[in-house]
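Here is the structure we will look at, set down as structure tokens.
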Amino acid sequence: MEKWPFGFLGLLYTPVAMIIAQAIIATPLVMGVSVAAIQHLPKNLRYQILALGATRLQMMWLLIREARLPLLAAVMAGFGGVISEVRCLNYGRRQYQRLYRVLTTATVMETAGEIFDIAIALSIILMVLAFVINAILTYVQQRERPR
């Protein structure tokens, strides 16, 4: 394992490595939409908040609250990117393939093994999970939208 970059950490093929990989996948999506959301706020809003006596921390909190709907869209984009990812989690040693699997990887592995009934069941679970989470986030986003 020492030949791998960062192999000395002993993270290769572990759940911690899966979490790190998912965070690396979601970060550009979430950051891109988040930065665009904050930049889209009126330029003088920051100065108004500071002029009213807010601290820098209070100013950041108020800017985040003002951009909460696009920031929720950023979370939804990150979730969509993470839930659909298979490649970074699909590679692993044989002894770990049954121990550490996520729904997307399990679906691919069952399909490769021609166990289609389990693969279809896992796909349905994954789609229902994604639909429910996105429906909840959309409801929260629409409820907060000014009319």
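The values are calculated or read from the model by the stated rules, or taken from the named source; none is laboratory data. Keep in mind that what you see is a predicted model, and the values were worked out from it rather than measured. Cβ sites come from the backbone with ideal geometry, for glycine too, and all protein chains shown count toward neighbours.
Sort out which residues of region 78-123 are among the aromatic types (Phe, Trp, Tyr) and at pLDDT 80 or above, and write them in order of number.
Matches in region 78-123: PHE79, PHE116.
Inspect region 46-53 for any residue being within 28 Å of GLY80 (Cβ to Cβ) and assigned to a helix (DSSP H, G or I) and give the result as yes or no.
Looking through region 46-53, none of the residues is within 28 Å of GLY80 (Cβ to Cβ) and assigned to a helix (DSSP H, G or I).
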